[in-house]
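Below is one structure; the comments refer to it alone.
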Amino acid sequence: MQSTAMPTAEQHGFRAHSDGPVVPVQTRSERFRSTEVADFAPVTGREHEWKYSPVATFADLISGDLDGSRLEVSSTDAAGVALSWIARDDARIGRAGIPEERASANAWSSFDEALLVEVSGEEAKTVTVTRSDLGTSPRAAHTVIEAAPFSRGLVVLRGIGDGRLTENVEIVVGEGANLEVVSLQEWSDESVHLASHFARIGRDARLKHIVVSLGGKVVRVNPSTHLAEQGSDVEALGLYFSDAGQHLEQQVFVHHDAPHTRSRVTYKGALQGEGARSVWIGDVLIGNAATGTDSYEQNRNLVLTDGTRADSVPNLEIETGDIEGAGHASATGRFDDEQLFYLQARGIPEEEARRLVVRGFLIEVVQQIGDAELEERLIRALEAELQGS
């Protein structure tokens, strides 16, 4: 296992400089990383990676003992997709990235075996891996999704029923491969799910990564993508619907680390009910070797009722001036009154008009999945959420 031991100050998110005092870490590339939970300082809730999160509700997943035994999983069959379990010391573990925070490191330190999903073959294929009814005890998991060079496929990682889970998901996309990964959270109302996704994209390869969070009391899915080789490409999409008392969080990181790489980040969410909360943090780092980078990130939130809160924080770091373009945008607002007026003027009742506006706002992400059956099921799920509003 890989570990990067650091001074105590760095474990708290600070860095010592030779010509001055210890100061907070300012750039994403300087963050402390380790696979060992003991290397991280205790979480107070004031750290940059935790300050928006209700850490008291999942302290057991951050610091407590975890059940790292195999999860009960089921999967659909697809030619060109193989599932197996691999040991902790397998060389295929740790290639995509390692933890930057304590909950992720706790999961890494605790899992017994990793679930390996291997995608091969140039024909299109879809496989759904479901984790269901994991119980209420704190658990750890590790999944590795590997797309062979020039392969093509869609992997859906779904969570349903009860669960109290912290996990790491590694995604390795080989040269020229085209992989789509959908992380679908449909947990029960009291479930808690913390996940760190690490992706490494090879030369001229493409990853479409989609996070859909609908169920669960607290869901925190943080995808990090390393555009490691020339011509690599990522499209990172997210969809979430936060109800009363529900906390849905996404911290997205894209690291452009090679020439002529491309990224597009689009996350959209709706909030309704007292105490509904969403958090989106988008970090893009364009390294000094990433000439010709083309990058854009955006987050849009639609507030349906009073008593909600949406935090949206886009960040952009550029270390080279030789890029095609980079930008970011963030917006949070209520219904567009002109759209409502237009629909009502054509005889559509107000409540139905509101549902149509929200459906149109969110469905943009659903329609980019590319699997008709899954898209239809998610549209039905969104309709059920909207009926509740």
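A few notes on this one:
- Nearest-10 value in Å² for the accessible area of TRP85, using the 1.4 Å probe: 70
- Rg and Dmax of region 280-389, based on Cα coordinates, read 18.3, 57 Å.
- Tensor-based shape of region 270-332 (alpha-carbon gyration tensor, a/c under 1.5 rounded, otherwise prolate or oblate): prolate
- Point-to-point label distance, LEU356-GLU317, nm (Cα→Cβ direction, 7 Å offset): 4.6
- Within the same chain, lysines fewer than 8 places from LYS125 are excluded, and of the rest, those with a Cα less than 24 Å from its Cα are LYS208.
- Per residue, region 113-194 exposes 30 Å² of accessible surface when a 1.4 Å probe is rolled over the protein heavy atoms with every protein chain present.
- Taking the 1.4 Å solvent-accessible surface of region 155-280 as the whole, the part contributed by carbon and sulfur is 40%.
- Converting the Cα gyration tensor eigenvalues of region 313-358 into ellipsoid dimensions via √(5λ) gives semi-axes, longest first, of 40, 11, 7 Å.
- For region 253-330, the solvent-accessible area of protein heavy atoms averages 35 Å² per residue (probe radius 1.4 Å; ligands and nucleic acids excluded).
- Note on region 16-167: Cα convex hull, mean projected area over all directions, 11.3 nm².
- Over the chain, relative contact order from alpha-carbon pairs under 8 Å, at least 6 apart, %: 9
- Here is the tail figure for region 241-311: Cα pairs spaced more than 20 Å apart come to 42 percent of all pairs.
- Rounded FRET efficiency, nearest 0.05, which uses the C-beta distance separating ARG31 from ASP65 and R0 of 25 Å: 0.45
- Amide H contacts for THR332 (H built 1.01 Å from N in the peptide plane; partners 5 or more residues away or on another chain; cut-off under 5 Å): ASN301.
- Taking the 1.4 Å solvent-accessible surface of region 292-389 as the whole, the part contributed by carbon and sulfur is 45%.
- Whole-percent carbon and sulfur share, accessible surface of region 43-133, 1.4 Å: 45
- When only alpha carbons of region 124-254 are considered, Rg and Dmax amount to 14.7, 44 Å.
- Residue-normalised accessible area of region 346-389, given per residue in Å² at a 1.4 Å probe: 56
- Here region 250-306 and region 129-199 have alpha carbon centers that stand 19 Å from each other.
- Largest to smallest in accessible area, the residues ARG334, ARG277 fall in the order ARG334, ARG277 (1.4 Å probe, all protein chains included).
- Rounded tilt (10° steps) of 372-388 against the dominant C-alpha axis of the chain: 60
The values are calculated or read from the model by the stated rules, or taken from the named source; none is laboratory data. Since this is a predicted model, take the numbers as computed values, not measurements. Here the Cβ is made from the backbone with ideal geometry for all residues, glycine too, and neighbour counts use every protein chain on show. Just so you know, the surface numbers come from the protein's heavy atoms only, side chains and all, with ligands and any DNA or RNA stripped out. Shrake-Rupley method; radii C 1.70, N 1.55, O 1.52, S 1.80 Å.
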